[in-house]
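Each remark here refers to the structure printed beneath this line.
The values are calculated or read from the model by the stated rules, or taken from the named source; none is laboratory data. Computed from a prediction, not measured in an experiment: that's the story for all the values here. We place every Cβ from the backbone using ideal geometry, glycine too, and count neighbours over all the protein chains shown.
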Amino acid sequence: MNEILIFADEKLLADRQSWLDSLAHERRLSTLTVDAYERDTRQFLQFLAGHAGGAVKRADIRELRPSDLRAFLASRRKGGAGARTLGRGLAGLRSFLRHLEKKGLANAAGARAVRSPKQGKSLPKPLTAAQALRVSSDEGQLAEEPWIAARNAAVLSLLYGSGLRISEALGLTRADLAAETKSLRITGKGGKTRIVPLLPATREAITAYLALCPLAIAPGEPIFRGARGGPLQPAIIQREMQRMRSALGLPESATPHALRHSFATHLLSAGGDLRAIQELLGHASLSTTQVYTGVDAARLLESYERAHPRAG
């Protein structure tokens, strides 16, 4: 705290400490979050003091304008702070100003008027085709019980072969996967319905699972079951993928959902139409699907840098 004494007077420091204490003890935010907010507000007060030429007072906070906050964010951006860091900092400042506003010491309207920095979308991390085929095949499974190994292979094959979310795969019933079925009608997020293909290899994996499964499954019941007979839970498949990451030397990004990313990326790499991939994934907006063009471009650049004689 001593470092900030020259940047703010005692009353404002007491206000700030009261706010930090409320975050920790009343709102029960994590220590890391409270520490980050302490650092963000300290930097803000240092910035204001630099412009004011002395310790910041309550009156200075009352007179804050949106332009002051934008100037601070611009200075942080110039210093190398990314959008995520700036967004967190602005959130902390808004919280601090709301705290002061409740005491009648500030007006937080200016902070609310400042837009948070736009967060760039992180690119999905698909598996390679060889990795995806390995983890979704019967040979890649680690479960000792044959029917459970076959079950896991069938679920993972649906994620990679049909681009399903894990909740969608585990929600399928015996009737949905009748023997003659060549496509699936999936109801996804927001009640949006789509038709996806059921590939022969996936169909075979499901047939193999049903042949080994010791449980009687009625047509309207979930087809994938846990070891005790209840509906299979996503955490079971997630844990199995975690085991496979270790056993097969896969990256940390190799999760069940990464198989859905792999489905989209590998289709696009093979010349698949973006609109068709949007429909298969069940995305409401094409802009959501377009993130895979970034993945494909990144993979292409990596290949170029590895293979081109002048890339080095």
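Residue 186 falls short on exactly one of the conditions (1) over 19 Å from residue 220 (Cβ atoms); (2) buried (at least 21 other Cβ atoms within 10 Å of the Cβ); (3) of a type in the set (A, V, I, L, M, F, W, C), and that condition is (1).
Condition check ((1) within 16 Å of residue 136 (Cβ to Cβ); (2) in a helix (DSSP H, G or I)) across all residues:
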{"site": "196", "(1), (2)": "yes, no"}
{"site": "204", "(1), (2)": "yes, yes"}
{"site": "211", "(1), (2)": "no, yes"}
{"site": "214", "(1), (2)": "no, no"}
{"site": "220", "(1), (2)": "no, no"}
{"site": "235", "(1), (2)": "no, yes"}
{"site": "239", "(1), (2)": "no, yes"}
{"site": "242", "(1), (2)": "yes, yes"}
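Going through (1) within 27 Å of the chain's Cα centre (by Cα); (2) surrounded by 19 or more Cβ atoms within 10 Å (Cβ to Cβ); (3) more than 22 Å from residue 14 (Cα to Cα) one by one, residue 89 falls short only on (3).
Could you go through region 117-126 and let me know if any residue there is among the polar types (S, T, N, Q) and outside the structural domain of residue 57 (by TED's automatic domain parsing). Yes. Filtering 72, 96 for residues that are crowded, with 19+ Cβ neighbours inside 10 Å, within 20 Å of residue 20 (Cβ to Cβ), in contact with a Ser or Thr (Cβ under 8 Å, 6 or more places away or on another chain) and of a type in the set (Phe, Trp, Tyr) leaves a single hit, 96.
Against the criterion of being surrounded by fewer than 19 Cβ atoms within 10 Å (Cβ to Cβ), of a type in the set (Val, Ile, Thr) and either part of a helix (DSSP H, G or I) or out of contact with any strand residue (DSSP E or B) (no Cβ under 9 Å at 6 or more places or on another chain) (or both), residue 41 does not qualify. I'd like the full set of residues that are in contact (Cβ under 8 Å) with a residue 60 or more places away in the chain and part of a helix (DSSP H, G or I), limited to region 76-122. Those that are in contact (Cβ under 8 Å) with a residue 60 or more places away in the chain and part of a helix (DSSP H, G or I): 95, 96, 99, 100. On inspection, residue 53 passes the criterion of being over 21 Å from residue 112 (Cα atoms) and over 27 Å from the mean Cα position of the chain (by Cα).
Is it the case that residue 106 is of a type in the set (Gly, Ala, Ser), crowded, with 20+ Cβ neighbours inside 10 Å and over 30 Å from residue 226 (Cβ atoms)? In short, yes.
Number of residues in region 133-181 that are aliphatic (A, V, I, L, M) and either assigned to a loop (DSSP other than H, G, I, E, B) or not assigned by TED's automatic domain parsing to the domain that holds residue 256 (or both) equals 8. Is it fair to say residue 252 is more than 25 Å from residue 289 (Cβ to Cβ) and either surrounded by fewer than 18 Cβ atoms within 10 Å (Cβ to Cβ) or among the β-branched types (Val, Ile, Thr) (or both)? Spelling it out, it is not the case that residue 252 is more than 25 Å from residue 289 (Cβ to Cβ) and either surrounded by fewer than 18 Cβ atoms within 10 Å (Cβ to Cβ) or among the β-branched types (Val, Ile, Thr) (or both). Residue 28 meets the conditions (1) closer than 18 Å to residue 8 by Cα; (2) assigned to a loop (DSSP other than H, G, I, E, B) in every case but one. The failed one is (1). Scanning region 164-179 for residues that are surrounded by fewer than 24 Cβ atoms within 10 Å (Cβ to Cβ), closer than 29 Å to residue 274 by Cβ and not acidic (Asp, Glu) gives 165, 166, 167, 170, 171, 172, 177.
Take the conditions closer than 19 Å to residue 113 by Cα and either outside the structural domain of residue 109 (by TED's automatic domain parsing) or part of a helix (DSSP H, G or I) (or both) and apply them to residue 72. Does it pass? Here the answer is yes, as residue 72 does meet what is asked. Of the residues 252, 204, the single one that is in contact with a helix residue (DSSP H, G or I) (Cβ under 9 Å, 6 or more places away or on another chain), of a type outside the set (Lys, Arg) and at pLDDT below 90 is 252.
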